[in-house]
Amino acid sequence: MSAPLLTIEDVAVELPTPRGNLRAVDHVDLSLDAGRTLGIVGESGCGKTMLSRAVLQLLPKKAKLTGRVMFDGQDLVRLDAERLRRLRGRDLAVVFQDPMTSLNPVLTIGTQLMETIQEHLELDASAAKARSIELLAAVGIPAPEQRLAQYPHQCSGGMRQRIAIAIALSCEPKLLIADEPTTALDVTIQAQILDLLAREQRRRHMAMIIITHDLGVVAGRADELAVMYAGRVVERAPTPALFKRMHMPYTEALLAAIPKLETAPHTPLPAISGRPPDPTRPLKGCSFAPRCRYAAGRCHEAKPELKSAEMPGHLYACFHPIQMSERTDA
Amino acid sequence: MMQIAARTASGTPLLNVDNLVVEYGLGNKTVHAVSGVSLEVARGETLGLVGESGCGKSTLGRAVLQLRRAKSGRVLFDGEDLTAMEGEALRKMRRRVQLIFQDPIASLNPRRRIGDIVAEPLIIAGVKDAAERKRRVHEVLGAVGLDPELVSGRLPHEFSGGQCQRICIARSLVLNPEFIVCDEPVSALDVSIRAQILNLLEEMKARFGLTLLFIAHDLAVVKAVSDRVAVMYLGRLCEVGPSEQLFAKPAHPYTALLLQAIPVPDPDMRPAESVATGEPPSPIAPPSGCRFRTRCPRADQRCSAEIPELREVAPGQFAACHHPLA
């Protein structure tokens, strides 16, 4: 087997704040092969966005990053600014949550698309324009030629996200990072955008990282899932294996808290009590222990390391894992 | 022409919205935000109102509370017509109806202390006795799961989104209202916190005997708390019915589309390729006839010529469609 396209090795991110150092990402290891999809799932503040910024080398200036991010044979952490700039937007593309703020409001859609294309692929204006039209058509924008002359405010949220995806895809990236790509969108538009991403991914054999707080968004769409809590990966597995038998109580609780269509109205939801710990005051034990219904003595004393489950590729960080033998609650 | 959209099982409804029309001016154009909506909410009931952004669901909620005045139609609350009320009478009536917004952080004044924020409705309502105000503030803060002694003196930025929503709920309860419009109260919250707030709303409803209009775009969230659900599209109601029934057997193609679009947290349920449905048209120039017809797989000529009326398709379930699903 060849080396993975992306390897995140022991990456930690610290941000200085007035209240002390905030450990946003706490020694994370992940890897992703070409053409595969990794879903990173967790609540706000769990470090999932910071981790993706670490991969893109787009961290705040004051942030301290340690570890290695190997992408296509080079360590992005040690790459100089010029080579990074050439890589980003070309081999390494990103789609952000809010398409209103990620597009420039005073430039036309055509200008924004062609700017990226001409920066990275030596095309003249007419070739870049032809390619822009082709891309807009590929992401499902009707009358793409007319759209080129329009500004972002003339498009709906779903359209804007399609345009952001077109820009991200414009240079045939090897890796696309989609950070909550549908959180700002309606449920019907969300389904369309997720389908679009999946289709373009297959067509281009591109690797993709989908970052989301909604397990539903990645369940049928990611090959592998990593669940993050308080800056760490607490469970990681191929998607079917994870849903078949989750070992980390947090993953179970996260899934249970989603309202289900099959459930009768007025059924109390199994909420996770409390909230995540203050990231400037790291706990000695497992970060989830204060909210965990299985937590016992040791959980408050020591941090559980990620260890392998029976299934190959399934890792979890818990002293009292659930569903270790057969699934019992089915 | 008039339709009883949602006849409830017994008694007079607490809220009766009758053929409500709300329009906004936009330059020399008109946004048809709500175009003839009729619905009823029985005392003690939760009516869920779902639809995509821009369908007019929030405008409807605001028009019920008279925060946006209707162009025509009536809003009867406990038998009294709110649309005919003004000034002092309306202010008095507003004590009985409250509103919870989507963004809990933006709806709290960042420079005021939590105790003062929650007490403000009491001051406006003319409760002069400071000790009485404090007692009420402590009561509602305790009810929403916050420690009054601990939080009263603090500022909103010291709280998380979920806690801010608890504070907003406390503020909405402090005048002992009968009816609360919840406008996307959990959309801005994380999954785990969302469940806490939904459970809290259910508890508060039982404890304070509330009637709720629960507005959201997430069908699963709506189902979790609603007795009946109304589906709205581009200013009109498509379908109204008891939650279980509507979700099990949607009659309107739009309801079916919404249900299909929900991501299911189960990898075995490979998402079906989303039906090519496009996006809602502009409410400035809504389609003739059935407003959903431009995205509807079942649309034919009749749908563009004739506006479908809400008709009973099953006991208690009404759909506005010329070609309802069996």
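Just so you know, all these numbers are worked out from the coordinates, no wet-lab data involved. Note that the structure is predicted; figures quoted are calculated from it, not measured. Cβ sites come from the backbone with ideal geometry, for glycine too, and all protein chains shown count toward neighbours.
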What is the ratio of the Cα radius of gyration of chain B to 2.2 N^0.38 Å, with N the residue count, to two decimals?
1.03
Using modelled amide H (1.01 Å from N, peptide plane; none on Pro or chain starts), what sits under 5 Å from the amide H of A:A309, excluding residues fewer than 5 places away?
A:H314, A:L315, A:Y316
Chain A: most fluctuating residue of A:T267, A:T108, A:T66 per GNM, C-alpha cutoff 10 Å
A:T267
With θ set to phi - 60°, apply the Karplus curve 6.51 cos²θ - 1.76 cosθ + 1.60 along the range A:241-247 and write out the HN-Hα couplings as whole Hz, x wherever there is a Gly or Pro.
5, 5, 6, 6, 8, 8, 9
Residue among B:L234, B:L90, B:L20 with the largest mean-square fluctuation in a Gaussian network model of chain B, springs linking Cα atoms under 10 Å
B:L90
Pairs of alpha-carbon atoms within less than 8 angstrom and 6+ residues apart define the contacts here; what relative contact order does the range A:53-206 have, in percent?
29
Normalising by the residue count of the range A:241-330, find the relative contact order in percent from Cα pairs under 8 Å and 6+ residues apart.
33
Go through the range A:52-62 residue by residue and turn each phi into a ³J(HN,Hα) via Karplus (6.51, -1.76, 1.60, θ = phi - 60°); whole Hz please, and just put x for glycine and proline.
5, 5, 5, 5, 7, 6, 10, 6, x, 4, 7
Applying 1/(1 + (r/R0)^6) with R0 = 25 Å to the Cβ-Cβ distance of A:E122 and A:R199, what FRET efficiency is obtained, to the nearest 0.05?
0.35
Considering only DSSP beta bridges where both residues belong to chain A, give the percentage that are antiparallel (nearest 5).
60
Hull volume per residue for chain A, using the convex hull of the C-alpha atoms, in Å³ is 159
Can you figure out the FRET efficiency of A:R298 with B:K29, using R₀ = 56 Å and their beta-carbon distance, to the nearest 0.05?
0.25
Hydrodynamic radius (Kirkwood) for the range B:147-306, which is based on Cα pairs only, to one decimal in Å:
18.4
Could I get the Rg over Rh figure for the protein assembly as shown? Both from C-alpha atoms, Rh via Kirkwood, rounded to two places.
0.97
Residues of type lysines that B:K223 reaches as a straight line, Cα spacing below 28 Å, ignoring anything fewer than 8 places off in the same chain:
A:K244, A:K260, B:K57, B:K205, B:K249
Between A:H247 and residues 5 or more places away or on another chain, which pairs have amide H atoms under 5 Å apart, with H built 1.01 Å from N, and which residues are they?
none
Can you sort A:E235, B:E52 from fewest to most other Cβ atoms within 10 Å of each residue's own Cβ?
B:E52, A:E235
How long are the semi-axes of the equivalent ellipsoid of the range A:153-269, defined as square roots of 5 times the Cα gyration tensor eigenvalues? Whole Å, largest first.
27, 19, 12
Whole-Hz ³J(HN,Hα) for each residue in the range B:36-49, computed from phi via Karplus 6.51 cos²θ - 1.76 cosθ + 1.60 with θ = phi - 60°, x for glycine and proline: what do you get?
x, 9, 10, 7, 10, 10, 6, 4, x, 9, 10, 9, x, 10
Shielding score for A:251-263, defined as the mean number of other chain Cβ atoms within 10 Å
5
Given R₀ = 30 Å, FRET efficiency for A:K61-A:D10 by Cβ-Cβ distance, to 0.05?
0.85
Contour minus Cα-Cα span, A:A256 to A:T17, at 0.36 nm per residue, comes to 82.7 nm
Under a Gaussian network model of chain B whose springs join Cα atoms within less than 10 Å, the largest fluctuation of B:R111, B:R291, B:R171 belongs to B:R111
Tell me which lysines have Cα within less than 22 Å of A:K284's Cα, excluding those fewer than 8 residues away on the same chain?
A:K48, A:K64, A:K303, A:K307
Could you check the simple spin-label distance between B:R74 and B:R311, using points 7 Å along Cα→Cβ, in nm with one decimal?
2.8
Dividing the convex hull volume of the alpha carbon atoms of the range A:244-330 by its residue count, what do you get in Å³ per residue?
126
For chain B, calculate the relative contact order in percent as a whole number, restricting contacts to Cα pairs under 8 Å that are 6 or more residues apart.
21
Quick one: Debye curve from the C-alpha atoms of the range A:1-121, no solvent, what's log10 I(q)/I(0) at q = 0.12, 0.20 Å⁻¹?
-0.53, -1.27
